[in-house]
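The values are calculated or read from the model by the stated rules, or taken from the named source; none is laboratory data. Predicted model, so just to flag it, every value in this text is computed and none were measured. Cβ atoms come from the backbone with ideal geometry, glycine included; neighbour counts cover every protein chain shown.
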Amino acid sequence: MQEKPQQTYWEKFREHGYSRRDFLKFCAYISAAVGIQSTGIPQVARALEKKPRPPVVWFHFQECTCCSESFIRSSHPMVDDIVLDRISLDYTETLQAAAGHQAEEALHDTMKKNYGEYIMTVEGSVPTKDGGIYCTIGGRTALDIVKEAAEGAKAILFIKLLPINL
């Protein structure tokens, strides 16, 4: 069975019933937001017509899941808008239905198919002392998992909340 390619932003807009005019307005808004002159809007539109939503792998290591909880409960933007329309969240222990071997397979498939193109998000700390043995998933240390995934990531985001004294 041949795999269906990931949808582009424009395809996702059409699927949700937005017009071409709505799409071009969106392109103008995001262009303005990042400081692109109006003459650059057609280039932004062409890129969003052709570029698929970025695949994301989101790891949870030594953390309390509060970053994910805050994200899930946000009202603007709504989590479903982000996860279903803006990105392709291909792996995350907190939100995916798959578990165990199926989850690991989804992770490795994403990293292989999208080498150099996926966004890697790490929530919590990654222990390094004693080779990182203090946090293991599926018999592998968090440190090993991070090293493997980071090798093919286009961008890496580390999320770590720091305690505040009030």
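Residues are listed down the side, and each one gets a yes or a no for (1) modelled with pLDDT of 80 or more; (2) among the hydrophobic types (A, V, I, L, M, F, W, C); (3) surrounded by fewer than 17 Cβ atoms within 10 Å (Cβ to Cβ); (4) closer than 30 Å to Thr128 by Cβ:
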site: Lys4; (1), (2), (3), (4): no, no, yes, no
site: Glu11; (1), (2), (3), (4): yes, no, yes, no
site: Pro52; (1), (2), (3), (4): no, no, yes, no
site: Ile72; (1), (2), (3), (4): no, yes, yes, yes
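The condition (being at pLDDT 90 or above, within 16 Å of Gln62 (Cα to Cα) and of a type in the set (Ser, Thr, Tyr)) is satisfied by just one residue among Thr141, Thr92, Thr110: Thr141. Can Tyr91 be described as surrounded by 12 or more Cβ atoms within 10 Å (Cβ to Cβ) and under 27 Å from Arg53 (Cα atoms)? Answer is yes for this residue. Restricting attention to the range 97-128, which residues are among the β-branched types (Val, Ile, Thr) and under 15 Å from the mean Cα position of the chain (by Cα)? Scanning the range 97-128 gives Thr110, Ile119, Thr121, Val122. Each residue in the range 1-52 was checked for being part of a helix (DSSP H, G or I) and not small (Gly, Ala, Ser), and 26 pass. Taken together, the residues in the range 109-137 that are part of a helix (DSSP H, G or I) and surrounded by 13 or more Cβ atoms within 10 Å (Cβ to Cβ) amount to 5.
Within the range 120-130, identify whether any single residue is basic (Lys, Arg) and under 24 Å from Cys64 (Cα atoms), and answer yes or no. Looking for residues that are basic (Lys, Arg) and under 24 Å from Cys64 (Cα atoms), one finds at least one in the range 120-130, hence yes.
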